[in-house]
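Chemist: Take this structure, written in structure tokens, and hold onto it; I'll ask about it next.
The values are calculated or read from the model by the stated rules, or taken from the named source; none is laboratory data. Everything numeric in this text was worked out from a predicted model, so none of it was measured. Neighbour counts run over all protein chains shown; Cβ positions are idealised from the backbone, glycine included. In case anyone asks, the SASA skips ligands and DNA or RNA and just uses the protein heavy atoms, side chains included. Shrake-Rupley method; radii C 1.70, N 1.55, O 1.52, S 1.80 Å.
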Amino acid sequence: MTDRAPASHDQPTFRLSMLIYDKRYRSLTFQVIVLILVMSLVWWLINNTLTNLANLGKDINFRFLFTRAGYDIPQQLIPYNNDDTHLRAAIIGLLNTLLVSFLGCIAATIIGVAAGVLRLSKNWLFARLMTVYVEIFRNIPLLLWILIIFAVLTEITPTPRAYRGEDGLDMVFGVIAPTNRYTAIPAIVAEHSPGVLQIGRLAIPWLSIIFIGLLIAAVLIRRWLLARAQRIQEETGRRPTTWWITLALFVVPPVALWFLFGLYLEVPELTGFNFSGGINLDNAFVALWLALSLYTGAFIAEIVRAGILAVNKGQTEAAYALGLRPNRTMNLVILPQALRVIVPPLISQYLNLTKNSSLAIAVGYMDLRGTLGGTTANQTGRELESILLMMLIYLAISLTISGVMNIYNNRVRLKER
Amino acid sequence: MSEIHAESVAYVRDTMLPPATPPDRQVGALRWLRENLFSSWFNGLLTILGIAIIWFLFDHFWPWLSHSVWNANSLAECRQIIAEKWGEGASGACFAVIRERWHQYLFGFYPRAEYWRPVMTMGLLFIAITPVLFSVNPDIRRWVLAVLGLLTMILMALTEVPDWSAVLMFALFAVALLLADYAPQRLLVFTVCYPVVAIWLLWGGSLWYPLLTFAGIAIGYLAARAVPKERSGLALLAGIVAAAIWWWLLSTPVADLLSEALPLSLPRVISHDFGGFLLAIVIGVSGIAMSLPLGIVLALARRSDMFLIRVFAVIFIEFIRGVPLITLLFVASLLLNYFLPPGTSFDIILRVIIMVTIFAAAYMAEVIRGGLAALPRGQYEAADSLGLDYWQAQRLIILPQALKISIPGIVGTFIGMFKDTTLVGLIGLFDPLKGISDFVRSNFEWKGIYWEPFIFVGAIFFVICFSMSRYSMYLERRLSRENH
């Protein structure tokens, strides 16, 4: 309370009723009451839990995490077998959650931006088509989309055997083979492989480490380059052209790697009953990923559309009046303003997508909920510990994402002076 | 210059030319096509792509839809009929499953003889919400009531309810129509009473228990009114204490007594019999009705000056928003018996409703907080300068504007929550999407049927969610003051 009245001198005595009727004390009284209520509620819940667990002869401990898991997980990013601990199984699940969320966010952004822009395009037909897409996906539960896409993949696609022989089916683009159990896609393989980096049981190919290193280096060099261009522009009024250096930074290293290590696409091939070579993507994963991307993409389309519409047309006109070319108008005037509107809801859509990935249970994809909150909880009978741990992990992911959002928001906020 | 005479200035026309018709390429369909579909090569490419997509969809789905079978007893029979009619290898939809099992998709395992109860509850729901949702325009109110009444009567005819219930429902709609025209405020009284009626009709048992439970609110209100007006804090306390005493000590014995004296009772239906859209709508509507007030309180708490209140609100909201709904539902189904005193077990639907309400309220709080933050500072200052206290200012000045701003977000949350009711299938309830469909497919006759139930359920969800979003647009238009 900022408007605290000065204490009057003719009423120095303190009466009990002032706790309620005096503005100085009232909020304090109220807060103390709420604190007591909340604390007693928490105490009541904990007390009940302890009593119930004692009655069942259980206690709360997390030792089960270090016992043998004994179940298999179809898709794993780091080595795992059923002799590993429940903790490792949970980490596999967490990685699966993060993988499908990450890939889903990328695909949803691409779909959403395309659909949002096309909805505003001058093309009448495509604008209508996109409207239909957005409305249909937004108004029907995500679970239905996951189940439908899973059913399409498992019911309509052929068995691997159907690709056999001369009169067998052709692969999509000659490299992708959707089957009723998995989708076989090609993998990038090196002819002269530089080997792998072995950390414990984890084997990371040097190739990917080199590639990521080069990518980071390219980004850093580009930032330095742009800063330098900015400095030169401020000193001399002339901006050195940088685009071809940027292009080279991102194009030359991959091409060099390609030739240096003799990379080639390993197309999956039918041997016996199954495809080998390449990567077999589990149908549950593909269904979840596609459904999450299409569903979230519809929401992102609306966000993008609103963001573009939110930038006043006068801004474009003003930029043109200053003599800016269309693409510089876009980069320097429109996008910075539109992004300020687009990015916060976009990131909360990413958050939703990550949380919605827990619907993996519907198609049996082993994510965090399937491992820690599913099989582990059932096998060990430690539902309380498993579910609490799972909720905390989800909470940590969410808080991390929204923390990033807050940093971004503070950076692009309108500076009001 | 000098040779130009005044008379020779004949170049200025002194009459208007009659407007000429534009060239053929600039009018009608041709112009529309040029502007909207083929304005540039890229645009033309898009158009061709769009046509290709539409053709692809049509080509794949039309034969399947047009070959649909509505009368059959099993999937095998369906396939046989299709093969007979359209030749070997033709594929077609088998909507016979919907024809045979639609009642399970709508009501789950609710006893067939009691179908009049959920249908009547739905009809009454329409009557109850009309004066709230369409409070301003009597024309719209009349139309909405008439259309919804017709819908209810059609559903009653389809479910073959007893005649007396149809007549009763018809009479109730007639009364509601009259009231809506002449005394809409009276209809609000019914809205307030509706929860009691709905709970009684749906779950059955004695009317007295829900009635007297809700009477606690009235008793609390009366107790608060009995305290002199200037002592508002004391009045609140008195109200809460009176209601608490009623609920803890008095309501059950009084209800026992009354139900012995006058047994107003319907056959009981247990919660596990609820399923299909009945379940989704029960959870959705109660979640919507309860999450809005809770969300408002949470939003106000989060913007409060009091440190502890704010901290508690932030912790609660961030925790709920940080975890997926499905984990909360697992808490409701697996863990709640750990958290409650030994021996307590309460209804699974009630547990789910509570969890869904809490979940939606946290999202609602953030939406409303956005609305509150968007209000100009001057509005708060104006309320202060009028000498209003905190609650008066919120009720009369701040909240109406903040809620108006946040309508799209609020309705978005509602839609999201209604769609999320399908998740209860994952904790073993019979939601229309997975629970009932799995149940239908577990039967030998319908093994392997996927698309038809998906289409049926998806279409109903689409209609409900789409009309909610259209309603929100109507509300926005009605409440917008910019152009008046």
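Chemist: Pairs please, first residue from the range A:41-54 and at the interface with another protein chain (Cβ under 9 Å from one of its Cβ atoms), second anywhere and exposed (fewer than 13 other Cβ atoms within 10 Å of the Cβ), Cβ atoms under 8 Å, 6+ apart in sequence or on different chains.
Modeler: Cβ pairs passing all conditions: A:Asn48/B:Pro341; A:Asn48/B:Pro342; A:Thr51/B:Pro341; A:Thr51/B:Pro342; A:Asn52/B:Pro342; A:Leu53/A:Asp59; A:Leu53/A:Ile60.
Chemist: Pairs under 9 Å by beta carbon, first residue at pLDDT 85 or above in the range A:230-258, partner surrounded by 11 or more Cβ atoms within 10 Å (Cβ to Cβ) and not in a helix (DSSP H, G or I), six or more apart or different chains?
Modeler: These pairs meet every condition: A:Gln230/A:Arg239; A:Ile232/A:Arg239; A:Ile232/A:Pro240; A:Gln233/A:Arg239; A:Gln233/A:Pro240.
Chemist: I'm trying to understand the selection: among the residues of the range B:225-245, which are open to solvent by less than 70 Å² (accessible area, probe 1.4 Å) and either at pLDDT below 80 or within 14 Å of another protein chain (Cβ to nearest Cβ) (or both)?
Modeler: Residues of the range B:225-245 open to solvent by less than 70 Å² (accessible area, probe 1.4 Å): B:227, B:233, B:235, B:238-239, B:242-244.
Within the range B:225-245, B:Val227, B:Gly233, B:Ala235, B:Ala238, B:Ala244 qualify.
Chemist: Can I ask one more? Which of the residues spanning the range B:417-430 are within 9 Å of chain A (Cβ to nearest Cβ) and modelled with pLDDT of 90 or more?
Modeler: Just the residues of the range B:417-430 that are within 9 Å of chain A (Cβ to nearest Cβ), to begin with: B:418-423, B:425-426.
B:Phe418, B:Lys419, B:Asp420, B:Thr421, B:Thr422, B:Leu423 - these are the residues of the range B:417-430 that are within 9 Å of chain A (Cβ to nearest Cβ) and modelled with pLDDT of 90 or more.
Chemist: Pairs under 7 Å by beta carbon, first residue within 11 Å of chain B (Cβ to nearest Cβ) and of a type in the set (Gly, Ala, Ser) in the range A:111-129, partner part of a helix (DSSP H, G or I) and open to solvent by less than 50 Å² (accessible area, probe 1.4 Å), six or more apart or different chains?
Modeler: Close Cβ pairs (under 7 Å, with a partner that is part of a helix (DSSP H, G or I) and open to solvent by less than 50 Å² (accessible area, probe 1.4 Å)) amount to A:Ser121/A:Ala127; A:Ala127/A:Leu118; A:Ala127/A:Arg119.
Chemist: Turning to a different aspect of this structure: Give the residues of the range B:426-484 that are more than 30 Å from A:Gly364 (Cβ to Cβ) and among the aromatic types (Phe, Trp, Tyr), sorted by residue number. I'd like the intermediate steps shown before the answer.
Modeler: From the range B:426-484, those more than 30 Å from A:Gly364 (Cβ to Cβ) are B:463, B:466-484; that's our starting set.
B:Phe466, B:Tyr471, B:Tyr474, listed by residue number.
Chemist: Based on this model, can you work out whether B:Ile296 counts as within 17 Å of B:Met364 (Cβ to Cβ), in contact (Cβ under 8 Å) with a residue 12 or more places away in the chain and within 14 Å of chain A (Cβ to nearest Cβ)? Don't jump to the end; show me each part of the working.
Modeler: Details: within 17 Å of B:Met364 (Cβ to Cβ): yes; in contact (Cβ under 8 Å) with a residue 12 or more places away in the chain: yes; within 14 Å of chain A (Cβ to nearest Cβ): no.
For B:Ile296, the condition - within 17 Å of B:Met364 (Cβ to Cβ), in contact (Cβ under 8 Å) with a residue 12 or more places away in the chain and within 14 Å of chain A (Cβ to nearest Cβ) - is not met.
Chemist: Does A:Thr179 satisfy being in contact (Cβ under 8 Å) with a residue 40 or more places away in the chain and in contact with an Asp or Glu (Cβ under 9 Å, 6 or more places away or on another chain)?
Modeler: On the way: in contact (Cβ under 8 Å) with a residue 40 or more places away in the chain: yes; in contact with an Asp or Glu (Cβ under 9 Å, 6 or more places away or on another chain): no.
Considered against the rule, which asks whether it is in contact (Cβ under 8 Å) with a residue 40 or more places away in the chain and in contact with an Asp or Glu (Cβ under 9 Å, 6 or more places away or on another chain), A:Thr179 comes out as no.
Chemist: Sticking with this one: Report every pair of residues separated by at least 6 positions or lying on different chains whose Cβ atoms are under 6 Å apart, first residue within the range A:261-281 and farther than 20 Å from A:Arg181 by Cβ, second among the hydrophobic types (A, V, I, L, M, F, W, C) and open to solvent by 50 Å² or more (accessible area, probe 1.4 Å).
Modeler: From the range A:261-281, the pairs are A:Leu263/A:Ile188.
Chemist: Now for a separate question. Here are A:Tyr408, A:Tyr365: which of them is closer than 23 Å to B:Gly416 by Cβ, touching a residue at least 24 places away in the same chain (Cβ under 8 Å) and among the hydroxyl-bearing types (Ser, Thr, Tyr)?
Modeler: Details: A:Tyr408 fails: closer than 23 Å to B:Gly416 by Cβ.
Going through A:Tyr408, A:Tyr365 in turn, just one is closer than 23 Å to B:Gly416 by Cβ, touching a residue at least 24 places away in the same chain (Cβ under 8 Å) and among the hydroxyl-bearing types (Ser, Thr, Tyr): A:Tyr365.
The rows are residues; the columns are (1) basic (Lys, Arg); (2) at pLDDT 90 or above; (3) surrounded by fewer than 16 Cβ atoms within 10 Å (Cβ to Cβ).
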| position | (1), (2), (3) |
| --- | --- |
| A:Val42 | no, yes, yes |
| A:Thr49 | no, no, no |
| A:Asn52 | no, no, no |
| A:Gly57 | no, no, yes |
| A:Thr67 | no, no, yes |
| A:Gly70 | no, no, yes |
| A:Asp84 | no, no, no |
| A:Leu99 | no, yes, no |
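Chemist: Something else now. Residues to consider are B:Leu426, B:Leu433, B:Leu399, B:Leu388; find the one that is of a type outside the set (Val, Ile, Thr), within 30 Å of B:Glu318 (Cβ to Cβ) and not in a helix (DSSP H, G or I). Walk me through it before giving the result.
Modeler: Values: B:Leu426 fails: not in a helix (DSSP H, G or I); B:Leu399 fails: not in a helix (DSSP H, G or I); B:Leu388 fails: within 30 Å of B:Glu318 (Cβ to Cβ).
When all the criteria are applied, what remains is B:Leu433.
Chemist: Also: Of all residues in the range B:19-36 being open to solvent by less than 100 Å² (accessible area, probe 1.4 Å) and more than 30 Å from A:Ala114 (Cβ to Cβ), which is nearest to the other protein chains (Cβ to nearest Cβ)?
Modeler: This residue is B:Gly28.
Chemist: Within the range A:111-155, track down each residue that is closer than 23 Å to B:Leu426 by Cα, outside any helix (DSSP H, G or I) and hydrophobic (A, V, I, L, M, F, W, C).
Modeler: Within the range A:111-155, just A:Ile140 meets the criteria.
Chemist: Given the criterion at the interface with chain B (Cβ under 10 Å from one of its Cβ atoms), open to solvent by less than 50 Å² (accessible area, probe 1.4 Å), among the small types (Gly, Ala, Ser) and touching a Pro at 6+ places or on another chain (Cβ under 7 Å), identify the matching residue among A:Ser358, A:Ser386, A:Ser398, A:Ser348.
Modeler: Within the list A:Ser358, A:Ser386, A:Ser398, A:Ser348, the selection yields A:Ser358.
Chemist: Does any residue in the range B:455-474 that is open to solvent by 50 Å² or more (accessible area, probe 1.4 Å) come within less than 6 Å, Cβ to Cβ, of a residue that is modelled with pLDDT under 95 and not aliphatic (A, V, I, L, M) six or more places away or on a different chain, and which pairs are these?
Modeler: B:Phe462/A:Asn139; B:Phe466/A:Asn139
Chemist: Might you check whether a residue that is acidic (Asp, Glu), open to solvent by less than 60 Å² (accessible area, probe 1.4 Å) and at negative phi occurs anywhere in the range B:380-392?
Modeler: no
Chemist: Working carefully through the options A:Ile334, A:Ile361, A:Ile401, A:Ile407, find the one that is in contact with a Leu (Cβ under 9 Å, 6 or more places away or on another chain), among the β-branched types (Val, Ile, Thr) and more than 14 Å from B:Gly322 (Cβ to Cβ).
Modeler: Working: A:Ile334 fails: in contact with a Leu (Cβ under 9 Å, 6 or more places away or on another chain); A:Ile401 fails: more than 14 Å from B:Gly322 (Cβ to Cβ); A:Ile407 fails: in contact with a Leu (Cβ under 9 Å, 6 or more places away or on another chain).
Checking each option against the conditions leaves just A:Ile361.
Chemist: Another question about this same structure. How many residues are among the β-branched types (Val, Ile, Thr), over 20 Å from B:Trp451 (Cβ atoms) and more than 9 Å from chain A (Cβ to nearest Cβ) if we restrict to the range B:37-85?
Modeler: Residues in the range B:37-85 being among the β-branched types (Val, Ile, Thr), over 20 Å from B:Trp451 (Cβ atoms) and more than 9 Å from chain A (Cβ to nearest Cβ): 1 in total.
Chemist: Can you find a residue that is surrounded by fewer than 17 Cβ atoms within 10 Å (Cβ to Cβ), charged (D, E, K, R), in a helix (DSSP H, G or I) and free of Cβ contacts under 8 Å to residues at least 24 places away in the same chain anywhere in the range B:338-359?
Modeler: No.
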